[in-house]
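Participant: Handing you this structure, nothing more for now.
Please treat every number below as a calculation from the coordinates, not as lab data. None of these values were measured; they are calculated from a predicted model. Note that each Cβ is placed from the backbone with ideal geometry, even for glycine, and that neighbours are counted across all protein chains shown.
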Amino acid sequence: MKDYFTIGELANLFAIDVQTLRYYDSIGLLVPSHRDAHNGYRLYKFDQIYQVASIRYLKRIGYSLNQIRQYLDSRTLEHTMQQLHDQSQELKRRWNELIDIDATIGRKLEFIKQQLPLVDLQHIVVKTFEDRYYLNIGSEESLYGSDVFYFHPTMVFYHGREKTFGAYLFASEKPEDALVLPRGQFLCAYHQGPYETIHERIAFIRAHAQGLHLADWEVNFNILDQFVERDSNHFITEIQIPILSQQ
């Protein structure tokens, strides 16, 4: 049995990079027990193998390097049991969070798959919707800093040139802070292309309302947006204008 390992031998034993061990040394997490007086090479005692194994295990169960240092410096039976219990609870919390995120991603994918076959760039139609729910995001400045932008279809409310954003919620989602887009009839058409040209499309739709009394605002549902498509010419949005009455 070897008494000492060089840094290369220890790295090979655990299939980790030599630079990683040097970094552990620099932050005091795993300091070599000896340094060769002639060449400065790091030498690790055999029992430091168990310290490396502990570090690798703790990293695998989600500990940061700072947490690992604290853990290794304060090991007692009582403290270790409490630390592992707390980490188990944290991992379960993260697991549940990841499950929720995965479900939301799945619903967004399903939304795109359902909507794309319905896209008809030629016609303007009247559609009837039940109550729909969404989360308020606010201004465009708030949009990209919000996680819901990435996990939910984006809604854009236009009042003339002013716009605010929301995140469309699927039927299975209705958090306490959800807002409602009331049921009713909407004059609907699709727009393909950059958002800068969407007002031209809105004006075209309103010009072909054929006796319908329309609200003075619109809600747009982004089907393909900058999160999905790089080329803005491929963006697809459904424009929906509430119908107040028919003449």
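Participant: Taking the number of other C-beta atoms within 10 Å as the exposure measure, put 218, 200 in order starting with the fewest.
Facilitator: 200, 218
Participant: Multiplying the sequence separation of residue 119 and residue 183 by 0.36 nm and subtracting their Cα-Cα distance, what value in nm do you get?
Facilitator: So the chain would gain 20.9 nm between residue 119 and residue 183.
Participant: Mind scanning 113/163; 59/108; 59/92 and naming the pairs with a C-alpha gap bigger than 24 Å?
Facilitator: 113/163; 59/108
Participant: What residue among 165, 46, 235 has the largest mean-square fluctuation in a Gaussian network model of the chain, using Cα springs under 10 Å?
Facilitator: 46
Participant: Out of 104, 30, 180, whose Cα points farthest toward the positive end of the dipole of the chain (charges: +1 Lys, Arg; -1 Asp, Glu; placed on Cβ)?
Facilitator: In the chain, that residue is 30.
Participant: Right, something else. Can you show me the helix-derived [θ] at 222 nm for the chain, built from DSSP H runs with n ≥ 4 at -39,500 (n - 2.57) apiece and divided by the number of residues, rounded to the nearest 500.
Facilitator: So the calculated ellipticity at 222 nm is -12000 deg cm²/dmol.
Participant: Based on other C-beta atoms within 10 Å, arrange 225, 147 from fewest to most.
Facilitator: 147, 225
Participant: Which longest uninterrupted range of the chain lacks any trypsin sites (Lys or Arg not before Pro) assigned by DSSP to a loop state (not H, G, I, E or B) and surrounded by at most 15 other Cβ atoms within 10 Å?
Facilitator: For trypsin sites (Lys or Arg not before Pro) (loop position, at most 15 other Cβ atoms within 10 Å), the longest site-free span of the chain is 76-160.
Participant: Also, quick follow-up: Provide the net charge surrounding residue 66, with neighbours chosen by a C-beta distance below 13 Å and charges set as Lys +1, Arg +1, Asp -1, Glu -1.
Facilitator: Overall, the nearby charge balance is +1.
Participant: While we're looking at this one, here's another question. Want the number for residue 150 to residue 12: 0.36 nm per residue separation, take away the alpha-carbon distance, what's left?
Facilitator: Contour length minus Cα-Cα distance gives 45.6 nm.
Participant: Please work out the FRET efficiency for the pair residue 142 and residue 199, using the Cβ-Cβ distance as r and a Förster radius of 22 Å; give the result to the nearest 0.05.
Facilitator: 0.50
Participant: If you take the beta carbon distance between residue 127 and residue 100 as r and set R0 to 25 Å, what does 1/(1 + (r/R0)^6) give as a FRET efficiency, to the nearest 0.05?
Facilitator: That pair, residue 127 with residue 100, gives E of 0.25.
Participant: Between residue 164 and residue 112, what FRET efficiency follows from the Cβ-Cβ distance if R0 is 25 Å, with the result rounded to 0.05?
Facilitator: Given R0 = 25 Å and the Cβ-Cβ separation, E is 0.65.
Participant: Under 8 Å for C-alpha pairs, at least 6 residues apart: give me the relative contact order for the chain, rounded to a whole percent.
Facilitator: Across the chain, relative contact order equals 15 percent.
Participant: Please rank 29, 98, 72, fewest neighbouring Cβ atoms within 10 Å first, as an exposure proxy.
Facilitator: 98, 72, 29
Participant: Express in nm, to one decimal, how much length is gained between residue 22 and residue 75 on full extension, taking 0.36 nm for each residue of separation and deducting their alpha carbon distance.
Facilitator: 16.7 nm
Participant: While we're here: Compute the Cα gyration tensor for the range 136-247, then decide on rounded, prolate or oblate, letting a ≥ b ≥ c be the square roots of its eigenvalues: rounded whenever a/c is under 1.5, prolate when a/b is larger than b/c in the other cases, and oblate in all that remain.
Facilitator: oblate
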